[in-house]
Amino acid sequence: MPNPADAQADLIAILDFQTEAGVDVALDETPHDRFTEADAPEPVRARPAPRRAAAPAQAPSPPPQEAPRPAPRATFGRAASAEPEAAAGDARARARNAASLEELEAILAAFDACPLRFTAKNLVFGDGNPQARVMFLGEAPGADEDRIGKPFMGRSGQLLDKMMAAIGLDRSSAYIANVVPWRPPGNRNPTPQEVATCKPFVERQIELVDPELIVCLGAPATQTLTGTKDGILKTRGRVFPYALPSREAKLLATLHPAFLLRQPLQKRLAWRDFRAVRAALDGKA
Ligand code: URA
């Protein structure tokens with residue numbers, strides 16, 4: 001039997017390890033053995049009860065304090081490998097149905113095939129002016145964005161605001177969104193599967209904003225929208241054509257503000273790109 005001091009030291013070591021690995025949310029009170037769950041037969045999903053039009057005979061019970069969050073779906077082992085195609089197809093069908101940004105946001109809020117939604121506090125849909133001529137696109141929200149429910153609110157967002165201000169833009173003249181609208185836990189990168197599931201939504205969001213110019217901040221946004229595999233130091237400053245139903249927009253790749261916070265010397269490259277954004281908006285490029 002380990003002595004209590006050793007057991008406590010072991011527990012602290014495990015918690016330290018998890019914190020360093022990026023774990024920052026507790027999903028449940030009790031631990032789950034996901035390996036056993038992945039081997040278990042798939043549960044039969046209950047069909048939703050048909051809606052009743054008639055008024056209830058008894059007094060209705062008081063509404064819950066908070067809308068219940070859908071139960072997390074297992075995304076491990078066999079279940080995970082069977083679902084990605086279906087999730088992306090489902091996302092495409094739903095995104096197509098959105099006739100406005102408000103509808104798209106509501107559809108996303110009800111979409112439960114991306115596991116990130118179960119660990120995020122908020123859906124981070126978009127911010128700024130939906131009529132703007134320019135749309136900035138990041139990768140995924142971080143902790144500040146998740147808490148507030150808007151993109152680019154933390155240190156990266158403050159730098160982005162300054163960079164936009166330097167070329168005469170702000171959130172009333174630009175629209176801002178992310179490829180993935182939920183924060184990946186612990187700020188890890190979204191997986192390719194999560195990106196593929198969310199991609200139809202961001203593509204529809206871009207169609208509905210219908211900007212003349214899309215500015216991709218960093219490699220993930222650039223790669224997702226252009227299909228290039230090149231890194232951002234190769235693609236930054238490049239303009240790609242981006243087909244929208246109404247026009248051929250321009251897509252410009254540049255460095256992500258988070259990268260610039262770590263590598264301030266690279267701001268001179270970003271400044272070049274932002275001047276190109278200004279020139280494009282002024283019809284000079
Ligand atoms: N980084 C992003 O890519 N998006 C945000 O909203 C915040 C930080």
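The values are calculated or read from the model by the stated rules, or taken from the named source; none is laboratory data. Note that the coordinates shown come from a computational prediction; the quantities given were computed from them, not determined experimentally. Because the Cβ atoms are built from the backbone with ideal geometry, glycine has one as well, and the counts that use them run over all protein chains shown. When the accessible area is computed, the model is the full protein with side chains, heavy atoms only, and any ligands, DNA or RNA have been set aside. Shrake-Rupley method; radii C 1.70, N 1.55, O 1.52, S 1.80 Å.
For the reader, a short list of remarks on this structure follows.
- Residue within the stretch 94-113 that is at pLDDT 95 or above and within 16 Å of the ligand (Cβ to nearest atom) present: yes
- Taking each residue of the stretch 90-117 that is at negative phi and looking for partners that are in a helix (DSSP H, G or I) and among the acidic types (Asp, Glu) with beta-carbon atoms closer than 8 Å, six or more apart or interchain, yields Ala95/Glu203; Asn97/Glu103; Phe111/Asp90; Ala113/Asp90; Cys114/Glu194; Pro115/Glu194; Leu116/Glu194.
- Top-ranked residue in the stretch 247-284 [being open to solvent by 80 Å² or more (accessible area, probe 1.4 Å) and outside any helix (DSSP H, G or I); ranked as farthest from the ligand (Cβ to nearest atom)]: Lys284
- Selection within the stretch 214-230 - open to solvent by 10 Å² or more (accessible area, probe 1.4 Å) and in contact with a strand residue (DSSP E or B) (Cβ under 7 Å, 6 or more places away or on another chain): Leu225, Thr226
- Filter result for Lys199 (under 21 Å from Ala279 (Cβ atoms), among the charged types (D, E, K, R) and not in a loop (DSSP other than H, G, I, E, B)): no
- Across the stretch 237-251, not a single residue is classified as touching a strand residue (DSSP E or B) at 6+ places or on another chain (Cβ under 9 Å) and polar (S, T, N, Q).
- Close pairs from the stretch 269-280: first of a type in the set (Val, Ile, Thr), partner outside any helix (DSSP H, G or I) and open to solvent by less than 40 Å² (accessible area, probe 1.4 Å), Cβ under 9 Å, at least 6 apart: Val277/Val134; Val277/Ile167; Val277/Leu169; Val277/Leu213; Val277/Val215; Val277/Leu252; Val277/Thr254
- Residues of the stretch 129-174 satisfying the condition of being within 7 Å of the ligand (Cβ to nearest atom) and among the aromatic types (Phe, Trp, Tyr): Phe152
- Where a residue in the stretch 242-265 is more than 14 Å from Thr222 (Cβ to Cβ) and its partner, wherever it lies, is open to solvent by less than 80 Å² (accessible area, probe 1.4 Å) and among the polar types (S, T, N, Q), with Cβ under 8 Å and at least six apart: Pro257/Ser156; Ala258/Ser156; Leu260/Gln266; Leu261/Ser156
- The residues of the stretch 144-167 that are under 12 Å from the mean Cα position of the chain (by Cα) and surrounded by fewer than 18 Cβ atoms within 10 Å (Cβ to Cβ) amount to a single one, Gly149.
- Some residue of the stretch 179-196 being among the hydroxyl-bearing types (Ser, Thr, Tyr) and away from the ligand (no atom under 12 Å from the Cβ): yes
- Residues located in the stretch 119-136, provided they are within 18 Å of Asn187 (Cβ to Cβ) and open to solvent by less than 10 Å² (accessible area, probe 1.4 Å): Ala120, Val124
- Of the residues making up the stretch 220-229, those that are under 20 Å from Ala249 (Cβ atoms) and either part of a loop (DSSP other than H, G, I, E, B) or of a type outside the set (S, T, N, Q) (or both) number 5.
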